[in-house]
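The values are calculated or read from the model by the stated rules, or taken from the named source; none is laboratory data. Fair warning: this is a prediction, and the values are worked out from it, not measured in the lab. Glycine also receives a Cβ, built like all others from the backbone with ideal geometry; neighbour counts cover every protein chain displayed. Ligands, DNA and RNA are stripped out before the accessible areas are found, and what is left, the full protein with its side chains, is counted by its heavy atoms. Shrake-Rupley method; radii C 1.70, N 1.55, O 1.52, S 1.80 Å.
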Amino acid sequence: MTTPFTLRLEEMDVSKAAIGGGKGASLGELVKAGARVPAGFVVTRGAFDLYMEAADPQKRISQWLAELHSGGKTLADTARAIAELLAEGTIPNEIGDAIGSGVEQLGVASMSVRSSATCEDGSATAWAGQLETYLDVSPEEIEEQVQACWHSIFRAPALAYGAAHGYGVGEFGVAVVVQEMVSSEVSGIGFSVHPVTQEPELRLIEACFGLGEAIVSGRIMPDQYVVKRGAREIVENTLGRQREGLFFEHGRYEPHWQQLGERGSQPKLNEDQVLEYAGILDRIEDHYGFPVDTEWALTKEGFHLLQSRPITTLAKEYREPIIDTAQPWVKLVRRPLSLLETSFIGLWLDSRHAGEDMGTHVDRFMAIQDDSDLATMFLPKPAFDAVLDHIRDLDRNNRPKLIGLLEKALEVFEEGRQRIERNEVFTSLEDAVEHFVDVGRYTTSFPSCTLIALEDGHIDDPQVRALSEQLRAHSLYPRYLSQLVEPLVIEQVKALGFSAPERGPELVTWSELRENLIDRETLEERLNLVREGYRFVIQILEDGERVNFVSETGYLLMRQIGQRQIIPPDDPDRIAGQAAWPGVYRGRARVLMTSDPDGVEMQEGEVLVSLQSNPNLMPLLRLAGAIVTDDGGVACHAGIICRELKIPTIIGTGRATATINTGLQFSRGTVAMFERISNGWELAKQSFNVLRMDKELLVFPLLSGIACLAVLASFAVPLWFSGFIETVAQDEQAQNNPLAYVVLFAFYTVNYFVIVFFNSALVACAVIRFKGGDPTLKDGLGAAMGRLPQIFGWALVAATVGVILQIIESRSEKFGQIIASLLGMGWSIITFFVVPVIVVEKAGPIAAVQRSMAILKKAWGESLTANFGIGMIAFLLNIPAILVIVAGVAVAASVNAVLGVAIIAVGILAMLTISLVTSALNAIVLAALYLYGATNQVPAAFEPAMLTGAFGRK
């Protein structure tokens, strides 16, 4: 059966989406649902296909799109070539006649012409703003604008959007909806489920003066109303600061912006109108049977429905009562914790463990893991407040008991530390857990709550504060868990036949292990869910433990936080905005002051900071690690697209582009070098703070230096007495003797092995400190010993490169020296992160180099300039030491030899000390940059801002 070229809206329904597009089919459904919809008709997909056959008989567009998808053609070149080809296209007569007949039947002087992609407004994609819309079009101009709508599917933003959502060649087409133009002073958007918190009982309505396209453009701040379903109650009412509106004038199919002045601060809808549209949303959702995203216009006649589509960003489980809400939850901290760890933490303050000795307890606990694999922990607010009140009461009325508890905590800490040092393995998992719960309760939970109680209660008690801070300065439980508890858990799940026992702590809770509630099938199922991107939610409640693995958790976190603005708007020192998609992201800002992406070189993972969202920015939005805009509401393009791509986004900040200033808008691709040097200097200073806490780390470069001297002596002494060194030095041909290179290779191998061994030990200790532990020399040496094969393999690779560079240098004097120096510098750069990769990931030499290069791409500037900062400090400190040595020489020559030698010794000792310190600092900075680049965790003792600019998502 031949598809007609046009269909009236009354003839459309969801079954005709393939020929009328999502928008056309949805409007037909709205008509059937009894909604007030402007009269109109649809130019079908059949008309589009016939037009494309006539305009592109040789199928060149399909070929170009295939090349685009394979990477053989750029997005801009593809869009440009298609535009040039279609510029010559004309609408076949039979299509023109059908369109003319539809316009005549409509019988109005002004119409809107809207694109309706045949894969648009489905359950997975919204194509928000990617295709063209034309308003106030006269009957004579309809064909021209229909043709323009067809062409818009091949514009760069639409092609980028289609690629991002997996649409291949020939999988999309364009129908066009032609409707009577509705002139309204107020327009807006309506969601039948709040798109951010995904609360099924809440409706979100946004309203603005002028056309609703102003909202989806992201250029304005609309009014926002949150209404509870079935109850005539506005839960939340936010008045937008609308500075301008989008209006059209008769005879102009392109709308224009008008300044609103004081009028923009007035409410757009009254309470009755808000509740009326909320009721319309309820009826539309009931008709479709799923949540909807609608567009509307308000006239004297009432609300006109302009569009309805499924909300494409809801989690599978959004309607499920996953979280127990019997009591309000209060957010505690966000940490990189496994499911096993969080299940232990939930026991730290429960009645069984804390009720008797501490006199207070909390029997409810919750942790929600997010997309960054970090767990946000919650306690019930009433119980948590009771704990704080109890501690304050102890401080006022029974201070000796409070002091006694904190002193006992110090004893527990010391006992635990000694057990770790002795590596005392527990005989049973239950015994290990009981000890671990004591460690966590006394050394972490209780002192943390004490500090919070003092701060919130404005209590000045120096002794209590000092004891609490002493406990919190050294975190014992991460090492306790990884060294003494997790190995037992891994053995237990291994005994069940689980295929990946080392991942057991990610997938199981303590109560499941203790009560034998876990089996191999459950572990395998959970592992597959985690691999698919599912995250855990664990709750410890009065009636037991609940564990859920869910497809998304961002909306659950937004619900519990209880705010739709991530940052409170009344804080003048911070940028406030609305969360269009929740998340935490750190990356370098890219400030964009235009809506034209052409010529903008944006790196993948940068944070896009712009005045507004715009469909034209789609190629950049796909690269962004996060988005921040000055204007916009939840229904703007950025809001819709970020929810589909799951990119953390803050909209409507009002001043992001004026406040965020990294210089990127002036220096494309990288930050100015001086900014990098400044950041590197700060990283160097913060690494010194780590060294002050762990002064024993200086032992590693000292041992390395001594060992290197021993290696040098072990080679030099026998070679000297054998005459080999003298022969090579006097005879140029002997220098090219293969035996000389064999000796050189052996020396390089042993020397590199010694250096890398002690550097690995130092880096391992730094990583332990960054993860909250208290490292010892034994920890570092043990980690290096556990990686001897990898260290030796790397020493062989480094020695081989060293010999090759020596050969290049010796074969061509000055030119060879230049080439060897440049190659050596490049080798040092690409292998910058090899040692921490070996230490943490236990990677072999080749894999370590590849991993180092991947991390280096994110932070080459800070990686190099942090060492520049440390080197500069060393240079400045060495100047006085050199002057001391010079003075010593002068004194020895003219005053007193013994005194002069003593002064010289002081200067040399100072230089050696400076060398030891700078070597340790370089390793600490290296470990910090690696840890953040590889895991996105900000190491303890480092300011997040210093690492924020160094890395973007890859």
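The residue that is farthest from GLY173 (Cα to Cα), counting only those in the stretch 41-67 that are out of contact with any helix residue (DSSP H, G or I) (no Cβ under 7 Å at 6 or more places or on another chain) and among the charged types (D, E, K, R), is GLU67. Output the residues belonging to the stretch 310-322 that are open to solvent by less than 40 Å² (accessible area, probe 1.4 Å), in a loop (DSSP other than H, G, I, E, B), of a type outside the set (Phe, Trp, Tyr) and closer than 30 Å to VAL14 by Cα. Across the stretch 310-322, the qualifying residues are ILE311, THR312, THR313, LEU314, ALA315, GLU317.
When restricted to residues that are in a helix (DSSP H, G or I) and either loosely packed, with under 13 Cβ neighbours inside 10 Å or under 40 Å from the mean Cα position of the chain (by Cα) (or both), the stretch 782-817 contains 23.
In summary, helices (runs of 4 or more DSSP H) completely within the stretch 456-497 and bearing 1 or more residues that are open to solvent by 60 Å² or more (accessible area, probe 1.4 Å), closer than 21 Å to VAL433 by Cβ and touching a helix residue (DSSP H, G or I) at 6+ places or on another chain (Cβ under 7 Å) occur at 486-495. Within the stretch 438-455, the set of residues being among the hydroxyl-bearing types (Ser, Thr, Tyr) and either surrounded by fewer than 17 Cβ atoms within 10 Å (Cβ to Cβ) or touching a residue at least 40 places away in the same chain (Cβ under 8 Å) (or both) comprises THR444, SER445, SER448, THR450. Among residues of the stretch 189-202 that are β-branched (Val, Ile, Thr), those with a Cβ under 6 angstrom from a residue that is part of a loop (DSSP other than H, G, I, E, B) and open to solvent by less than 10 Å² (accessible area, probe 1.4 Å), sequence gap 6+ or separate chain, pair up as ILE189/ALA635. Scanning the stretch 70-82 for residues that are touching a helix residue (DSSP H, G or I) at 6+ places or on another chain (Cβ under 7 Å) and either assigned to a helix (DSSP H, G or I) or open to solvent by 60 Å² or more (accessible area, probe 1.4 Å) (or both) yields LEU75, ALA76, THR78, ALA79, ALA81, ILE82. Selection over the stretch 519-538 of residues that are open to solvent by 20 Å² or more (accessible area, probe 1.4 Å) and farther than 15 Å from SER551 by Cα gives a count of 5.
The listed residues are ALA881, ALA897, ALA902, and the only one of them that is over 55 Å from the mean Cα position of the chain (by Cα), open to solvent by less than 70 Å² (accessible area, probe 1.4 Å) and touching a residue at least 12 places away in the same chain (Cβ under 8 Å) turns out to be ALA902. Within the stretch 214-257, being surrounded by 14 or more Cβ atoms within 10 Å (Cβ to Cβ), over 30 Å from the mean Cα position of the chain (by Cα) and under 14 Å from GLU185 (Cα atoms) holds for GLN242, GLU244, GLY245, LEU246, PHE247, PHE248, PRO255, TRP257.
Criterion applied to ALA854, ALA923, ALA874, ALA887 was being open to solvent by less than 50 Å² (accessible area, probe 1.4 Å), under 27 Å from ARG334 (Cβ atoms) and modelled with pLDDT of 65 or more, and the one residue passing it is ALA854.
Scanning the stretch 170-188 for residues that are of a type outside the set (A, V, I, L, M, F, W, C) and modelled with pLDDT of 85 or more, which turns out most open to solvent (accessible area, probe 1.4 Å)? My answer is GLU185.
If you go through the stretch 242-274 and keep only what is within 30 Å of GLU285 (Cβ to Cβ), outside any strand (DSSP E or B) and out of contact with any Pro (no Cβ under 8 Å at 6 or more places or on another chain), you end up with PRO255, GLN266, PRO267, LEU269, ASN270, GLU271, ASP272, GLN273, VAL274. Considering only residues in the stretch 83-95 that are outside any helix (DSSP H, G or I) and of a type in the set (A, V, I, L, M), the one that is modelled with the lowest pLDDT turns out to be ALA87.
Among the conditions (1) outside any helix (DSSP H, G or I); (2) of a type in the set (Gly, Ala, Ser); (3) at pLDDT 90 or above, ALA843 misses just one, which is (3).
When ARG283 is tested against (1) open to solvent by less than 80 Å² (accessible area, probe 1.4 Å); (2) not in a loop (DSSP other than H, G, I, E, B), only condition (1) is not met.
Among the residues of the stretch 1-19, write down those that are more than 20 Å from HIS287 (Cα to Cα) and either surrounded by 24 or more Cβ atoms within 10 Å (Cβ to Cβ) or touching a helix residue (DSSP H, G or I) at 6+ places or on another chain (Cβ under 9 Å) (or both). Passing the criteria: THR2, THR3, PRO4, PHE5, THR6, LEU7, ARG8, ALA18, ILE19.
Per the listing THR360, THR325, the residue uniquely open to solvent by less than 20 Å² (accessible area, probe 1.4 Å), under 28 Å from ASP456 (Cα atoms) and of a type in the set (S, T, N, Q) is THR360. The condition (being of a type outside the set (Phe, Trp, Tyr), within 33 Å of the chain's Cα centre (by Cα), modelled with pLDDT under 85 and more than 26 Å from THR509 (Cα to Cα)) is satisfied by just one residue among GLU421, GLU469: GLU469.
Does ALA98 fit the bill of being part of a helix (DSSP H, G or I), small (Gly, Ala, Ser) and crowded, with 16+ Cβ neighbours inside 10 Å? Considered against the rule, which asks whether it is part of a helix (DSSP H, G or I), small (Gly, Ala, Ser) and crowded, with 16+ Cβ neighbours inside 10 Å, ALA98 comes out as yes. Please determine whether any residue of the stretch 263-277 is among the basic types (Lys, Arg) and either without any contact (Cβ under 8 Å) to a residue 12 or more places away in the chain or open to solvent by less than 30 Å² (accessible area, probe 1.4 Å) (or both). Yes - at least one qualifying residue is present in the stretch 263-277.
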